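Since the structure comes first, as structure tokens, the remarks are kept for the end.
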Amino acid sequence: MANTRSAKKAVRHIARRTEINMNRRSRVRSFLRTVEEAIAKGDQGAAADALKAAQPEIMRGAQKGIMHKNTASRKVSRLAKRVKAISA
């Protein structure tokens with residue numbers, strides 16, 4: 001357990017940041033899930049719209065430190081590839 005005043009403050013700060021990060025991570029996952037569901041249904045229009053909405057959210061997550069920027073770019077790229085493959 002934290003003993004010093006600064007350590008107690010650090011614990012409070014970490015708790016706040018953890019809550020914010022959990023909310024951001026959940027939001028990104030929700031957007032990813034909508035794209036996945038649209039792809040699973042085979043509806044290219046809905047999948048493209050969902051991807052268009054999800055892409056900025058994913059990149060914002062990378063910017064805020066939820067995931068690495070290369071991971072975010074890879075996810076967007078793979079989703080775009082799958083959405084494009086629906087029409088073929």
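Restricting to the stretch 14-38, give me the number of residues that are surrounded by 14 or more Cβ atoms within 10 Å (Cβ to Cβ) and of a type outside the set (D, E, K, R).
7
Filter the stretch 73-88 for residues that are among the polar types (S, T, N, Q) and within 20 Å of ALA62 (Cβ to Cβ) and give the result.
SER73, SER77
Can you tell me which residues in the stretch 1-60 are closer than 28 Å to LYS84 by Cβ and among the acidic types (Asp, Glu)?
GLU36, GLU37, ASP43, ASP49, GLU57
Does the stretch 63-71 contain any residue that is at positive phi and either in contact with a helix residue (DSSP H, G or I) (Cβ under 8 Å, 6 or more places away or on another chain) or modelled with pLDDT under 95 (or both)? Outline the logic, then answer.
Of the residues in the stretch 63-71, the ones at positive phi are 65.
Filter again for either in contact with a helix residue (DSSP H, G or I) (Cβ under 8 Å, 6 or more places away or on another chain) or modelled with pLDDT under 95 (or both), leaving 65.
Yes: the stretch 63-71 contains one or more residues that are at positive phi and either in contact with a helix residue (DSSP H, G or I) (Cβ under 8 Å, 6 or more places away or on another chain) or modelled with pLDDT under 95 (or both).
Please find, within the stretch 30-68, the residue that is nearest to GLU19 (Cα to Cα) out of those that are under 11 Å from the mean Cα position of the chain (by Cα) and of a type in the set (D, E, K, R).
LYS64
With respect to ARG27, is the statement that it is closer than 19 Å to SER73 by Cβ, out of contact with any strand residue (DSSP E or B) (no Cβ under 9 Å at 6 or more places or on another chain) and free of Cβ contacts under 8 Å to residues at least 40 places away in the same chain true?
yes
The values are calculated or read from the model by the stated rules, or taken from the named source; none is laboratory data. Note that the coordinates shown come from a computational prediction; the quantities given were computed from them, not determined experimentally. Cβ sites come from the backbone with ideal geometry, for glycine too, and all protein chains shown count toward neighbours.
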